[in-house]
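First the structure, in the form of structure tokens, and then the observations on it.
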């Protein structure tokens with residue numbers, strides 16, 4: 001499997017601001033309070049001290065089951081905290097409410113295009129995966145009773161791209177993988193030779209969910225200012241239904257239940273909250289639609 005090397009931030013930062021422009025500015029549940037969850041904050045640095053992360057942790061008011069809480073790790077944690085709704089959290093009481101770990105950055109706003117591009121794409125994504133596995137997860141497991149057999153990783157856009165990267169690099173790290181609107185146009189997996197991605201370890205099982213909005217499309221790659229003509233050509237060659245094709249291929253791999261769903265009328269930005277809602281329900285063991 002080949003991943004395109006990261007280059008350039010200017011155009012991508014602009015794209016990110018546009019596609020997330022509809023994220024609401026209001027007080028979060030951590031500030032206003034929730035009927036169903038309480039919240040705490042934890043700051044984590046990378047081992048080299050160069051990367052700084054803010055974890056907003058949502059803890060169900062209900063006591064943990066004997067096996068521990070299911071746990072859901074959510075990328076773009078600042079955005080997730082801004083979008084989280086108490087009525088959604090209330091729905092989770094019909095299942096097993098998960099511990100929520102919103103992995104974000106120690107910033108005032110909800111979005112940092114430069115840091116997330118560094119963490120979620122290209123060769124530098126490996127370093128973030130190590131932070132997630134070796135720094136963040138052990139801290140959560142030391143502080144809370146969690147069920148290590150019910151761990152979910154969720155991400156949108158570049159975050160969705162990272163979910164798929166992590167799936168292929170460390171398929172045993174989570175049992176459920178939710179990639180929303182994954183930006184495969186930017187960092188495509190090879191689609192030649194039947195999308196010959198590597199298989200997974202024998203004896204392991206996983207569920208992979210890819211979702212996308214009907215109104216999503218590729219950005220104007222011809223105007224992309226972050227790479228060479230060859231790179232732009234390679235990006236343009238990624239099929240428009242790449243997420244669906246990838247889900248179909250993953251479903252053929254042993255121990256993998258993979259599916260794809262398109263949501264009518266949704267654009268890229270709108271899919272953030274749509275995918276967040278369905279991801280929360282799935283992590284709680286509920287049907288995705290209430």
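Using the structure shown, decide if residue 91 is assigned to a helix (DSSP H, G or I) and surrounded by 14 or more Cβ atoms within 10 Å (Cβ to Cβ). Walk me through how you get there before you give the answer.
Working: assigned to a helix (DSSP H, G or I): yes; surrounded by 14 or more Cβ atoms within 10 Å (Cβ to Cβ): yes.
Yes.
So residue 66 ticks every box in (1) over 22 Å from residue 205 (Cα atoms); (2) touching a residue at least 12 places away in the same chain (Cβ under 8 Å) but one. Which box is left unticked?
(2)
Checking the condition touching a residue at least 12 places away in the same chain (Cβ under 8 Å), more than 19 Å from the chain's Cα centre (by Cα), surrounded by 13 or more Cβ atoms within 10 Å (Cβ to Cβ) and under 30 Å from residue 285 (Cβ atoms), which residue from 248, 216 passes? Give the steps one after another, and end with the answer.
Working: 216 fails: more than 19 Å from the chain's Cα centre (by Cα).
Testing whether each residue is touching a residue at least 12 places away in the same chain (Cβ under 8 Å), more than 19 Å from the chain's Cα centre (by Cα), surrounded by 13 or more Cβ atoms within 10 Å (Cβ to Cβ) and under 30 Å from residue 285 (Cβ atoms) leaves just 248.
Which pairs have Cβ atoms under 6 Å, sit 6 or more apart or on different chains, and link a residue in segment 257-270 that is under 17 Å from residue 207 (Cα atoms) to one that is exposed (fewer than 14 other Cβ atoms within 10 Å of the Cβ)?
258/251
Just to be sure I understand, how many residues within segment 86-117 are farther than 19 Å from residue 42 by Cα and either in contact (Cβ under 8 Å) with a residue 40 or more places away in the chain or touching a strand residue (DSSP E or B) at 6+ places or on another chain (Cβ under 9 Å) (or both)?
If we filter segment 86-117 for residues that are farther than 19 Å from residue 42 by Cα, which is where we start, we get 86-97, 113-114, 117.
Then drop every residue that is not either in contact (Cβ under 8 Å) with a residue 40 or more places away in the chain or touching a strand residue (DSSP E or B) at 6+ places or on another chain (Cβ under 9 Å) (or both), which leaves 86, 88-97, 113-114, 117.
Count: 14.
Say whether the condition of being more than 21 Å from residue 150 (Cβ to Cβ) and buried (at least 22 other Cβ atoms within 10 Å of the Cβ) is met by at least one residue in segment 50-64.
Taking segment 50-64 and keeping what is more than 21 Å from residue 150 (Cβ to Cβ), we get 50-54.
Subsequent filtering for residues that are buried (at least 22 other Cβ atoms within 10 Å of the Cβ) retains none.
Looking through segment 50-64, none of the residues is more than 21 Å from residue 150 (Cβ to Cβ) and buried (at least 22 other Cβ atoms within 10 Å of the Cβ).
Step by step: first the residues of segment 276-290, then only those that are out of contact with any strand residue (DSSP E or B) (no Cβ under 8 Å at 6 or more places or on another chain) and assigned to a helix (DSSP H, G or I), then the one that is farthest from residue 77 (Cα to Cα). Which residue is that? Lay out the reasoning, then the answer.
Quick first cut of segment 276-290, residues out of contact with any strand residue (DSSP E or B) (no Cβ under 8 Å at 6 or more places or on another chain) only: 277, 281, 286-290.
Filter once more, so that each one left must be assigned to a helix (DSSP H, G or I): 277, 281.
On the way: 277: 14, 281: 17 Å.
If we take residues in segment 276-290 being out of contact with any strand residue (DSSP E or B) (no Cβ under 8 Å at 6 or more places or on another chain) and assigned to a helix (DSSP H, G or I), then 281 is farthest from residue 77 (Cα to Cα).
FYI, it's all coordinate maths here, none of it is from the lab. Owing to the predicted nature of the structure, the values given are computational and were not obtained by experimental measurement. Cβ: placed from backbone, ideal geometry, glycine included. Neighbour counts: every protein chain shown.
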